[in-house]
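What follows draws every value from the coordinates through simple rules; no lab data is involved. All values derive from a computational prediction rather than experimental measurement. Glycine gets a Cβ as well: all are built from the backbone with ideal geometry, and neighbour counts include every protein chain shown.
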Amino acid sequence: MTCAAPDLDESDPESVEEFAHAIADCLDAAWSDYFEEAGLEFSSPNRVYWHAPGHSPCGPFPNEDTAAFYCVANEGLYLGVEDIVEASAGNDEPEAYTFLLSHEYGHHVQGQSGMLAELHAARATANRDGEDELTRRNELQANCLGGVFLGASGDSLGHDRSEQDNILDDVARRSDSGGERTHGSQENGILWTLHGMDRMNPASCNTWVADEPLVR
């Protein structure tokens, strides 16, 4: 697919927001095409880009160092314009923010396809370890779906090997650390992102049937 984004100045909130809107436009177009090919209905998420703390149907923001999130209750793609830069340690590589957006958009894709509804139903009867595993499968699938977009649009966005390496560094940074076990290990986060980038097919992102070691 053909996609374009403006230059990014991470120190300028207006530039960050303009960049985010451009990438979201690309995501809207890409996933509309995928759903149309599959014969499924699709609507784009609502974009909520914040510059100050606020509240969504899914809770307050920012919360627990969350600089971006998807809220299924109102199909909202929430992004803290300054917060994502702070959470990324001032990263000046635009592809890192492209990955963040494509991952959160992956949750919208899950919602549109009915997967989030099934996740919530399964979590309702699971124990704590089961809940964490379901959450990891969900988050790793969002990585893979984000990878599908990155693989399909990488050429037009100017992503070569160095940009891919920067994306994978960001994947590792956003994976589990310490005692948390909800987003997957760095190894599996990278594995599923690369899988999506390589296959460029949403059907390849079925983390729900993957062997347990692949979703740790």
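Run through the DSSP bridge list for the chain and note the antiparallel percent, rounded to the nearest 5. The partial results should precede the final answer.
Values: 8 of 13 bridges.
Among the beta bridges of the chain, antiparallel pairing accounts for roughly 60 percent.
For the chain, would you read off the P(r) tail past 27 Å as a percentage of all alpha carbon pairs? Spell out each step's value before the answer.
Details: 5980 of 23220 pairs.
Across the chain, Cα pairs with separations above 27 Å total 26 percent.
Build a GNM of the chain with springs between Cα atoms under 10 Å: which of T193, T98, T66 gets the top mean-square fluctuation?
Its mean-square fluctuation being the largest, the pick is T66.
Just add up the charged neighbours of L119: K/R +1, D/E -1, any other residue whose Cβ is under 15 Å from the Cβ of L119.
Numbers: positive: R123, R136, R137; negative: E118, E131, D132, E133, E139.
Result for the neighbourhood of L119: -2.
Search the structure for amide H atoms under 5 Å from the amide H of R47, placed 1.01 Å from N in the peptide plane, and list their residues when 5 or more places away or on another chain.
L77
In a shell of Cβ-Cβ distance under 9 Å around R136, excluding R136 itself, what net charge do Lys and Arg (+1) and Asp and Glu (-1) give?
Values: positive: R137, R181, R216; negative: D132, E133, E139, D176.
Overall, the nearby charge balance is -1.
Based on the alpha-carbon gyration tensor of region 120-201, what equivalent-ellipsoid semi-axes (square roots of 5 times the eigenvalues) come out, in whole Å, largest first? Walk me through the numbers before you get to the answer.
Numbers: eigenvalues 148, 41, 10 Å².
Ellipsoid semi-axes (Å, largest first): 27, 14, 7.
Relative contact order, percent, of the chain when contacts are C-alpha pairs under 8 Å separated by at least 6 residues? Write out the running numbers ahead of the final one.
Values: 309 pairs, mean separation 40.9, N = 216.
Relative contact order comes out at 19 percent.
Note down the net charge around T98, summing +1 for each Lys or Arg and -1 for each Asp or Glu among other residues with Cβ under 10 Å from its Cβ.
On the way: positive: none; negative: E93, E95, E163, D170.
That sum, taken over residues with Cβ under 10 Å, equals -4.
Taking just the C-alpha trace of region 1-102, give me its Rg and Dmax in Å.
Cα only, region 1-102: 14.1, 42 Å (Rg, Dmax).
For region 49-103 and region 1-25, write down the distance between their C-alpha centroids in whole Å.
Rounded to whole Å, the Cα centres lie 14 Å apart.
Before rounding to the nearest 500, sum -39500 (n - 2.57) across all DSSP H runs of length at least 4 in the chain and divide by the residue total; then give [θ] at 222 nm in deg cm²/dmol. Could you put the intermediate results ahead of the total?
On the way: 7 runs with 118 residues, N = 216.
Result for the chain: -18500 deg cm²/dmol, rounded to the nearest 500.
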